[in-house]
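Novice: Below you'll find the structure I mean.
Each value in this text was obtained by applying a stated rule to the coordinates, not by laboratory testing. A quick note: this is a predicted structure, and the numbers were derived from the prediction, not measured. Glycine also receives a Cβ, built like all others from the backbone with ideal geometry; neighbour counts cover every protein chain displayed.
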Amino acid sequence: MEITTTEFKAVIDPTLIHKAGMHKVETVVARISKFYCRPMTTAGNCPQKCSLCKERIEGSLKKIDPSKAKSAYAILTWQMKNLHSQYAEMKPHTITVKKNQFGEKVETDLFDELMSVYG
């Protein structure tokens with residue numbers, strides 16, 4: 001679920017944006033939506049309540065120091081990508097093991113599988 005400007009203003013204090021050296025709320029919302037909300041939704045990690053992601057986003061906005069940054073928008077973009085990747089890494093990785101009709105594990109060879117696909 002992508003966040004809208006009105007939801008953003010209701011959930012996150014817009015003064016954080018100005019303290020971080022950014023002055024266009026719509027641009028900030030667009031970047032958060034593009035680089036955080038969409039990937040979270042696509043990966044099935046979106047909690048469907050923007051208030052649950054509030055702490056992560058506010059923490060990222062507080063970390064931006066406008067005196068050291070050439071472009072606060074670029075740092076925001078990097079932080080949103082980083083937030084999503086950190087969340088994705090927290091999910092346990094699973095491996096699927098092929099089984100035959102008797103429920104026994106089947107050993108597969110990657111080369112054989114590629115040959116069966118590409119013939």
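Novice: Among the residues of the range 58-92, count how many are assigned to a helix (DSSP H, G or I), surrounded by fewer than 16 Cβ atoms within 10 Å (Cβ to Cβ) and under 15 Å from the mean Cα position of the chain (by Cα).
Specialist: Number satisfying all stated conditions: 10.
Novice: On to the next question. Test of understanding: among Val29, Val106, Val97, which residue is without any contact (Cβ under 8 Å) to a residue 40 or more places away in the chain and surrounded by 13 or more Cβ atoms within 10 Å (Cβ to Cβ)?
Specialist: Answer to the check: Val29.
Novice: Among the listed residues Ala72, Ala43, which satisfies the condition of being under 30 Å from Glu113 (Cα atoms) and of a type in the set (A, V, I, L, M, F, W, C)?
Specialist: Ala43
Novice: While we're here: Go through the range 13-26 and count every residue that is over 18 Å from Asn82 (Cβ atoms) and crowded, with 18+ Cβ neighbours inside 10 Å.
Specialist: Result for the range 13-26: 1.
Novice: Anything in the range 1-17 that is acidic (Asp, Glu), touching a helix residue (DSSP H, G or I) at 6+ places or on another chain (Cβ under 7 Å) and over 12 Å from Ser51 (Cβ atoms)? List them, or say none.
Specialist: Result: Glu2, single match.
Novice: Which condition from (1) of a type in the set (S, T, N, Q); (2) in contact with a helix residue (DSSP H, G or I) (Cβ under 9 Å, 6 or more places away or on another chain); (3) surrounded by fewer than 11 Cβ atoms within 10 Å (Cβ to Cβ) is the one that Thr42 breaks?
Specialist: (2)
Novice: Still on this structure, I have one more. Run down Glu55, Glu2 and say which single residue is surrounded by 12 or more Cβ atoms within 10 Å (Cβ to Cβ) and under 19 Å from the mean Cα position of the chain (by Cα).
Specialist: Glu2
Novice: Continuing with the same structure: Would you point out the residue of the range 45-59, among those that are touching a helix residue (DSSP H, G or I) at 6+ places or on another chain (Cβ under 8 Å) and not basic (Lys, Arg), that is nearest to Tyr87 (Cα to Cα)?
Specialist: Step by step, filter the range 45-59, then rank; the result is Asn45.
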